[in-house]
1. Tabulate in residue order the Karplus-calculated ³J(HN,Hα) for the range 11-17, using 6.51 cos²θ - 1.76 cosθ + 1.60 with θ = phi - 60°, rounded to whole Hz; enter x for Gly and Pro.
2. I need LEU20, LEU13, LEU69 ordered by Cβ neighbour count within 10 Å, fewest first.
3. So what is the relative contact order of the chain, in percent, for Cα pairs below 8 Å that sit 6 or more residues apart?
4. Summing +1 for each Lys or Arg and -1 for each Asp or Glu, what net charge is found among the other residues whose Cβ lies under 13 Å from the Cβ of ARG101?
5. Stretched out fully, how many nm does the piece from VAL96 to ARG79 gain, at 0.36 nm a residue minus the Cα gap?
6. Over all directions, how big on average is the projection of the convex hull of the alpha-carbon atoms in the range 2-111, in square nanometres?
7. Treating the beta-carbon of each Lys and Arg as +1 and of each Asp and Glu as -1, no other charges, what is the dipole magnitude of the chain about its Cα centre, to the nearest 20 debye?
8. Net charge near GLY71: determine it from the other residues with C-beta under 12 Å of the C-beta of GLY71, scoring Lys and Arg +1 and Asp and Glu -1.
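What follows is calculated from the coordinates using simple rules that are stated; it is not laboratory data. Remember, it's a predicted structure, so these values are computed and weren't measured experimentally. Cβ: placed from backbone, ideal geometry, glycine included. Neighbour counts: every protein chain shown.
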Amino acid sequence: MKKVEAIIKPFKLDEVKEALTEAGVQGMTITEVKGFGRTGGKKEVYRGSAYVVDFVPKVKVEVVVPEALVGAVVAAVERAAKTGRIGDGKIFVSPVSEAVRIRTGERDEDAI
């Protein structure tokens, strides 16, 4: 099993959700997050004064999938989240050693 985490632009969430559903993902966790990458944030003007917004609002999408689905999931997120502009986000893939469904006690792939 692998955990796929994607940090994306908030307005791309619906497209990413649909793409993940089509790729066979049955559940996901969404978190509103803030952060910055290489660009270090963005400049905005408020009442005539320019200032730097250090942390840009993003959405983190987390899914745990069987290893066989990882390629399709990463491709789906990449395709759906891409705008071609700075700040499109990142995708991280990491191993998951164990999963347990609390209600039933199912484990590992049966739990996801």
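1. With coefficients 6.51, -1.76 and 1.60, one gets 6, 8, 4, 4, 5, 5, 4 Hz.
2. Values: LEU20 24, LEU13 16, LEU69 20.
Listing LEU20, LEU13, LEU69 from fewest to most nearby Cβ atoms yields LEU13, LEU69, LEU20.
3. Numbers: 184 pairs, mean separation 46.5, N = 112.
Contact order relative to length: 41 percent.
4. On the way: positive: ARG103, ARG107; negative: GLU98, GLU106, ASP108, GLU109, ASP110.
Summing Lys/Arg as +1 and Asp/Glu as -1 gives -3.
5. Working: separation 17, 0.36 × 17 = 6.12 nm, distance 2.42 nm.
Result for the pair: 3.7 nm of gain on full extension.
6. Numbers: hull surface 33.8 nm².
Quarter of the Cα hull surface area: 8.4 nm².
7. Working: 19 positive and 17 negative charges, 147 e Å.
Around 700 debye, computed over the chain.
8. On the way: positive: LYS2; negative: GLU67, GLU78.
With Lys, Arg at +1 and Asp, Glu at -1, the neighbours total -1.
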